[in-house]
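To keep things clear, I will list the structure first and then write my remarks on it.
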Amino acid sequence: MPFLLFLILLLPALTLAENSSPFPWPPGEQLTYLIEWGPIDAAEATFTAQAETKREGIERFELFLRSRGPIEAFFPIRTRITSLTQIHPWRTTEYIQDRNEGGNIRNRRTLPDYSVRLGRFFPAPGKPEENFDLLEGAYEDFGSMLYHVRTHPWKPGAYVTWQVIENKEPLFAKISCPQIDTIEIEDHPPRRLIEIFGEPHGSSARYKGWMKIWMTDDARRLPLLAKLKFQYGTFTIRLIRGGGPELDYRPDGEPVPILSELESTPNR
C-alpha cells in the first residue's frame, strides 16, 4: 500500500489564477479522485491544499485515502498523509503519516534538516527517533509531488528527477512530459492537456511500475485522469469532485458520491 500511495502521488510554470492565488490551485482547493482497480471501485482520495497559517512560506498539502466497495469490507482504509512544503525553494519540511489500513494503525513523522543534511524519522509514538543522512539538494515527499508537478514549467520531451522521502529511505522518481497537445482521453471531449509520465528511477527502479497523468493545460493545471500499473495490477484514477461539471467524471450524468463526506454527516 505505501508504494500505491507513492505512484498515486506521482500525480507548468507558476501562473496567476483568477482567484489571485500565486499557485495553480486556489486557497483551500479540494480535489477528490475515484480509484478503480480493474472493474472494482477500490478507494477514493481527497487532496486539500492551503497555506500553513502559523508558518510563512509553507503550504499544507493533505491526502485523505478511504477504501470503497469490496476493499472496504476486506481491507478498510482511513489514512491521512500531511506534507508541509516550503515554496521558495520548493522542498519538504515535514512529512506526517497517520495510517489506518486493514486494522494496522501507524503514526509516523519525518523531519529533514537541510542545514546539517540529516533526516529525523519518528517510527511511532513513544519510540525513539531514527536518524539518516540526506543527500545534497531538496527532497520531495509523496504529498508534495502532485503539486510540484502542477507548478513545473513543462515542455514536451522535458523531464526532472526528484529525491523523495519515504520514512527514512531515499527514493528517486523520474517525471517526464511526453506531450502537450489537444488530446482525447476516454469519454472526455478533446482538450488541451499536459501528459505526464512518472516512474521510479535509479536505485528505486526495483519498485516496478509506472503512472501516466493527464492534466489541463490552463491556469489550474487540474489532473483529470491517471493510469497506474504496478505489482498488484492496473488502476484508473479519475477526478470526481473539484473540477466542475465539465471536468468531473459523472457516469450516466450523475456525480459520484463521496463516501467520506457521507459518513461524516450527522444522522438526522
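Sub-7 Å Cβ pairs linking a first residue in the stretch 66-82 that is on the phi > 0 side of the Ramachandran plot to a second residue that is loosely packed, with under 15 Cβ neighbours inside 10 Å, at least 6 apart or interchain, are GLY69/ILE40, ordered by first then second residue.
Matching residues to (1) closer than 20 Å to GLY243 by Cα; (2) more than 16 Å from the chain's Cα centre (by Cα); (3) at pLDDT 95 or above:
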site	(1), (2), (3)
PRO22	yes, yes, no
GLY28	yes, no, no
TRP37	no, yes, no
THR46	yes, no, yes
GLU52	no, yes, no
ARG55	no, yes, no
LEU65	yes, no, yes
ARG68	no, yes, yes
ARG80	no, no, yes
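Which ranges mark the strands (runs of 3 or more DSSP E) fully within the stretch 164-268 that have 1 or more residues being touching an Asp or Glu at 6+ places or on another chain (Cβ under 9 Å) and either open to solvent by 30 Å² or more (accessible area, probe 1.4 Å) or of a type in the set (D, E, K, R) (or both)? Write out each step before concluding.
Numbers: elements: 169-183, 191-200, 209-216, 223-230, 233-241.
By residue number, 169-183, 191-200, 209-216, 233-241.
The single condition among (1) touching a Gly at 6+ places or on another chain (Cβ under 8 Å); (2) over 19 Å from LEU34 (Cβ atoms) that PHE230 does not satisfy is (2).
Selection over the stretch 18-77 of residues that are polar (S, T, N, Q) and exposed (fewer than 15 other Cβ atoms within 10 Å of the Cβ) gives a count of 3. Cβ separations smaller than 7 Å between residues 6+ apart or across chains give the following pairs from the stretch 199-212 residues that are more than 12 Å from LYS229 (Cβ to Cβ) to residues that are of a type in the set (Val, Ile, Thr): HIS201/THR161.
The values are calculated or read from the model by the stated rules, or taken from the named source; none is laboratory data. Fair warning: this is a prediction, and the values are worked out from it, not measured in the lab. Because the Cβ atoms are built from the backbone with ideal geometry, glycine has one as well, and the counts that use them run over all protein chains shown. We work out accessible area using only protein heavy atoms, side chains counted, and drop any ligands, DNA or RNA first. Shrake-Rupley method; radii C 1.70, N 1.55, O 1.52, S 1.80 Å.
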